[in-house]
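Student: Have a look at this one.
The values are calculated or read from the model by the stated rules, or taken from the named source; none is laboratory data. This one's a predicted model, so the numbers in the text were calculated from it and none came from an experiment. Accessible surface areas use protein heavy atoms only, side chains included; no ligands, DNA or RNA. Shrake-Rupley method; radii C 1.70, N 1.55, O 1.52, S 1.80 Å.
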Amino acid sequence: MSETLYDRLGGEDAIAAVVDRFYERVIADEQVAHYFDDVDMQKQRAHQTQFISAVAGGPVDYSGEDMEAAHDDLEITKPDFDAIVAHLEATLEEFDVPADDRNAVLEAVGQYEDDIVTATA
């Protein structure tokens with residue numbers, strides 16, 4: 001049985017650590033922090049860990065809201081989406097995730113861009 005991206009990332013605990021650091025970066029960024037002003041960050045971190053685990057091929061089913069429905073009223077712009085993706089990429093680099101695996105995670109997340117970006121800049 002071949003190793004999944006989830007396995008190569010280190011499983012749920014390692015993904016949770018990446019997610020925690022990722023949100024530290026996002027919340028520190030004035031450009032995008034406002035999207036999380038009224039968000040329960042513990043719950044958000046759990047959902048994001050579950051989401052990344054699922055798209056990475058882990059033994060996890062994502063049970064959160066549909067991506068489009070979850071982001072519909074946020075009016076996220078393309079530049080803001082790109083800033084958040086850049087934080088994810090930088091966090092994966094910080095955790096020494098190899099380039100191929102980083103790209104696989106970013107590609108998986110990028111598939112949801114049309115559902116997440118709901119506003120023009």
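Student: Just the accessible area for Ser2, please: 1.4 Å probe, Å², rounded to the nearest 10?
Tutor: Spelled out: Ser2, probe radius 1.4 Å, area about 100 Å².
Student: Here's a follow-up. Assign one of three labels to the stretch 13-70, namely rounded, prolate or oblate, based on the Cα gyration tensor with a ≥ b ≥ c the square roots of its eigenvalues; rounded applies when a/c is under 1.5, prolate when it is not and a/b is larger than b/c, and oblate otherwise.
Tutor: Judged from the Cα gyration tensor, the stretch 13-70 comes out oblate (a/c at least 1.5, b/c at or above a/b).
Student: Would you calculate a helix-derived [θ] at 222 nm for the chain, using -39,500 (n - 2.57) for each DSSP H run of n ≥ 4 and dividing by the full residue count, to the nearest 500? Intermediate values should be presented prior to the final figure.
Tutor: Numbers: 7 runs with 75 residues, N = 121.
Per the formula, -18500 deg cm²/dmol.
Student: Report, in degrees rounded to the nearest 10, the 0 to 90 angle that the Cα long axis of helix 78-94 makes with the longest principal axis of the chain.
Tutor: So the helix axis and the longest Cα principal axis differ by about 30 degrees.
Student: Helix 99-110 versus the longest principal axis of the chain: what is the Cα-based angle in degrees, 0 to 90, to the nearest 10?
Tutor: Result, in degrees: 40.
Student: Right, here's the next one. Could you give each residue of the stretch 114-119 its phi-based ³J(HN,Hα) in whole Hz, using Karplus coefficients 6.51, -1.76, 1.60 with θ = phi - 60°, and x for Gly or Pro?
Tutor: Going residue by residue, I get 4, 7, 8, 7, 10, 9 Hz, with x marking Gly and Pro.
Student: Another question, then. Under the rule of at least 5 residues apart or a separate chain, name every residue whose amide H is placed under 5 Å from the amide H of Val117.
Tutor: none
Student: Heavy-atom accessible area per residue, the chain, 1.4 Å probe: how many Å²?
Tutor: On the way: 7080 Å² over 121 residues.
Accessible area per residue, the chain: 58 Å².
Student: Would you please give the residues with an amide H less than 5 Å from that of Gly58, counting only those at least 5 places away or on a separate chain, with H modeled from the backbone geometry?
Tutor: Counting only residues 5 or more places away or on other chains, the set is Tyr6.
Student: Can you give me the % of accessible surface on the stretch 11-75 that is carbon or sulfur? Probe 1.4 Å, all protein chains present, nothing else counted.
Tutor: Ligands and nucleic acids excluded, carbon and sulfur reach 42 percent.
Student: When Rg is the radius of gyration of the Cα atoms in the chain and Rh is its Kirkwood radius, what does Rg/Rh come to?
Tutor: Ratio value, two decimals: 0.94.
Student: If one takes the longest principal axis of the Cα atoms in the chain, at what angle in degrees, from 0 to 90 and to the nearest 10, does the Cα axis of helix 11-27 lie?
Tutor: 30
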